Each structure stands twice: as structure tokens, then as C-alpha cells.
Amino acid sequence: MKILSVTDIRKLIQIIGLQNFFKQLIGALEEDFGRWNEFTLTSRYGMFFPHGVIELMPCADRQFYTFKYVNGYPDNPLQGKLTVVALGLLSEVGSGYPLMLTEMTLLTAFRTAATGVLAAKYLARENAASLAIIGTGAQAEFQVLAFAATYPLESVRFFDTDPLAMAKFSHNMAAQKFRLMPCRSAAEAVCDADIAITATAAQKRQSLFEFEDIAPGAYIHAMGGDSPGKTELSAKLLNRVKLVVEYKPQSLVEGEVQQCSAELIHAELWELVCGKKPGRLDNQEITLFDSVGFALEDYSVLRVVYELAKHYHIGTESALIPEPDDPKNLFGVLQDFDRQ
């Protein structure tokens with residue numbers, strides 16, 4: 001079985017390039033959302049604890065079964081730990097054998113950003129040039145660079161309640177071509193933005209900005225860490241925009257749309273990709289993609305990484321699965337070991 005570490009993922013990105021990886025991943029996501037009915041899909045399985053949540057996210061088609069182990073612990077940075085960490089596994093459906101175990105913390109950031117860009121293809125204006133991001137924590141750079149790989153961004157406005165997070169983001173983005181504009185509030189950041197991203201982790205109900213703060217024709221990607229009882233935008237705003245989600249059964253429990261009825265949701269993303277429902281209708285419409293993160297997205301990034309790892313011979317082959325000479329003699333593996 002192939003094992004990919006953080007070092008392996010870094011090496012892979014260095015080989016093919018950040019923008020190239022985003023483009024391949026966005027293409028795979030569009031392909032997989034476009035064959036939605038070929039998958040066995042389910043909401044994620046979560047266990048909630050006083051300080052956070054630990055979840056398993058499975059998905060399968062006729063070729064591969066994948067799942068991701070992921071946590072969400074908003075206070076972890078106070079202990080010098082990441083808010084979100086994840087591991088992913090890809091298995092062969094034909095035999096049930098695991099093929100790859102990989103880090104998924106970086107890959108989750110990549111696939112979350114890429115999914116937002118895929119939704120933007122149907123919900124944002126094609127000439128979008130200004131972006132605002134609220135929350136400049138661990139996900140922020142991935143979000144901005146994914147959109148910069150697809151849209152001719154001229155300016156990026158940003159705000160976080162933590163000045164150190166803003167300074168970190170500014171440093172990491174300093175070499176980019178777009179103009180960086182630090183802001184004093186979320187409302188100031190989203191003013192006149194073509195694309196607005198909410199990426200906060202605080203486990204509470206809040207309203208980062210209101211409908212009146214958003215420019216006509218804006219696309220909002222609400223992707224901050226989601227769970228029951230945690231929202232970033234008001235029900236009043238949701239009632240005035242075109243709403244798209246990934247998977248209603250999951251989004252209605254933990255997304256922004258937990259505040260409203262299913263009838264308010266215009267479409268699931270796959271319906272836009274397959275042409276079953278329209279996306280943006282005109283340049284004045286305000287659209288919102290309520291992205292909570294869905295297992296199909298993990299499937300897409302895992303299959304992309306698996307093929308790339310094989311092609312570039314990245315990763316370590318490890319004997320995590322016993323291979324007895326006689327498949328009915330599992331105990332023989334121990335006997336062979338004993339003789340050594």
C-alpha cells in the first residue's frame with residue numbers, strides 16, 4: 001500500500017506547480033459532480049466533544065471507496081495545534097484492499113478551495129476581478145490562490161479579528177500580482193467585492209456582514225468550519241440570495257442553511273454542473289455557495305493524488321496488509337516471523 005506524507009505532497013506540488021494542481025483538481029471535481037448518480041453518498045459521521053468534532057467522511061463509486069478522518073477544534077491554535085487535521089484512505093472496490101493512505105490536512109484545504117472555484121464557474125461573474133476574504137487562518141491562502149488561478153484578480157481585501165493572522169496572510173501573499181488591501185471590518189472588506197469568502201472557525205452564530213454590505217452581482221463562498229449551531233451569515237441575508245449547497249441532508253444540519261427551510265435552496269452543486277438547473281442569470285444577481293465540505297470532494301482529490309503519485313513515483317510502499325503465501329493461512333504470517 002502506498003503511503004503519502006506531508007513531505008510527499010509538498011514534493012508533488014513542487015513537481016507539477018500549484019496552479020496546475022488546482023486546475024487538475026477543479027477538472028476532477030467537475031467530472032465527479034457531473035456523474036453524481038454513480039456514487040454511493042452519505043452525510044458525514046460526526047462525534048461531538050466539548051472542544052470540537054471528529055468526523056468520518058465516506059464516498060464510493062464502482063472503482064474506488066474513499067474516506068477521510070477529520071477533526072475541527074477551533075481552540076487548537078491556542079495550544080500550537082492546527083484547527084483541522086485529516087487523514088485519507090483510498091481503496092479498491094473490487095477487492096476491498098486499501099491502495100493509498102495519505103495526509104489530508106493540506107489536501108482538504110486544496111479541495112475546499114477548488115470546490116469553491118468550481119461553484120464560481122456557475123455562480124460568479126466571468127470578469128470577477130476583486131476578492132474579499134473574511135478570516136485569514138489556515139485556509140485563507142489556499143482559497144485566494146485557487147481563485148487567482150482561474151480569475152484575473154486585481155485586488156484582495158482581507159479582514160480577521162486576529163491581527164497576527166492578518167500579518168501572516170499578508171506576508172504569505174506578498175509576492176502575488178494582485179493588490180493586498182487590509183481592512184478594519186468584514187463589511188469594509190466585502191464592499192464592492194466581486195467574490196466574497198467567509199472562512200471563520202468560531203463555534204457560534206454570527207453575522208459577518210449583511211445583504212446591504214454586498215455589491216450587486218457578488219458571489220459569496222461561505223466555507224468557514226461548519227457544525228450544528230455555527231453560522232457566519234444571517235437568515236435575513238440567506239433569504240435574499242440564490243442559494244446553492246453540496247448535499248442537502250448534510251447542509252441543512254450544519255451549513256448556513258440550517259437557519260432556513262429546504263425550499264429556499266435553489267440547487268445542489270451537481271445540478272448546476274449537469275445543467276439540470278441554471279446558475280447565475282444576470283450580472284446583478286447575488287449568489288451564495290454554502291460549502292460545508294462533502295465526501296465526494298475528498299474522493300476527487302484522493303483519486304487525483306493517487307494517479308499523480310503513481311505517475312511520479314512519489315510515496316512509500318508499506319506492508320500494512322499481510323501477504324501470506326496461502327490467503328487462508330493468516331496465522332502463517334506469525335509463524336514465519338517466529339522462525340526469523
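The values are calculated or read from the model by the stated rules, or taken from the named source; none is laboratory data. Just so it is clear, the model here is predicted, and its values are computed rather than measured. Here the Cβ is made from the backbone with ideal geometry for all residues, glycine too, and neighbour counts use every protein chain on show.
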Please work out which one of (1) within 30 Å of residue 315 (Cβ to Cβ); (2) surrounded by 22 or more Cβ atoms within 10 Å (Cβ to Cβ); (3) out of contact with any Asp or Glu (no Cβ under 8 Å at 6 or more places or on another chain) is the condition residue 175 fails and give its number. (2)
Counting only residues in the range 294-326 that are under 17 Å from residue 117 (Cβ atoms) and in a helix (DSSP H, G or I), the one farthest from the chain's Cα centre (by Cα) is identified as 304
Search the range 224-235 for residues that are assigned by TED's automatic domain parsing to the domain that holds residue 137 and surrounded by fewer than 19 Cβ atoms within 10 Å (Cβ to Cβ) and pair each with any residue that is at pLDDT 85 or above and not in a strand (DSSP E or B) when their beta-carbon atoms are under 7 Å apart and the residues are at least 6 apart or on different chains. 228/253; 228/254; 228/258; 234/207; 234/210; 235/259; 235/260
Given (1) without any contact (Cβ under 8 Å) to a residue 40 or more places away in the chain; (2) within 23 Å of residue 86 (Cα to Cα); (3) of a type in the set (Lys, Arg), index of the condition residue 303 fails: (1)
Of those in the range 81-115 that are among the small types (Gly, Ala, Ser) and either modelled with pLDDT under 95 or at negative phi (or both), the residue surrounded by the most Cβ atoms within 10 Å (Cβ to Cβ) is 114
What number of residues in the range 184-193 are surrounded by fewer than 22 Cβ atoms within 10 Å (Cβ to Cβ) and part of a loop (DSSP other than H, G, I, E, B)? 4
Look at residue 286 and say whether it is surrounded by fewer than 21 Cβ atoms within 10 Å (Cβ to Cβ) and closer than 23 Å to residue 146 by Cβ. yes
Inter-residue pairs, beta-carbon under 8 Å, first surrounded by fewer than 17 Cβ atoms within 10 Å (Cβ to Cβ) and in the range 251-265, second at pLDDT below 90, 6+ apart: 253/228
Across the range 97-140, what is the total count of residues that are out of contact with any strand residue (DSSP E or B) (no Cβ under 8 Å at 6 or more places or on another chain), in a loop (DSSP other than H, G, I, E, B) and of a type in the set (Gly, Ala, Ser)? 2
Scanning the range 129-146 residue by residue, those in contact with a Gly (Cβ under 9 Å, 6 or more places away or on another chain) and of a type in the set (A, V, I, L, M) turn out to be 134, 146
Residue 164: passes all of (1) in a loop (DSSP other than H, G, I, E, B); (2) surrounded by fewer than 15 Cβ atoms within 10 Å (Cβ to Cβ); (3) not polar (S, T, N, Q) but (1)
One residue is enough: does the range 245-266 have a residue meeting the conditions closer than 20 Å to residue 119 by Cα and in contact with a Phe, Trp or Tyr (Cβ under 6 Å, 6 or more places away or on another chain)? yes
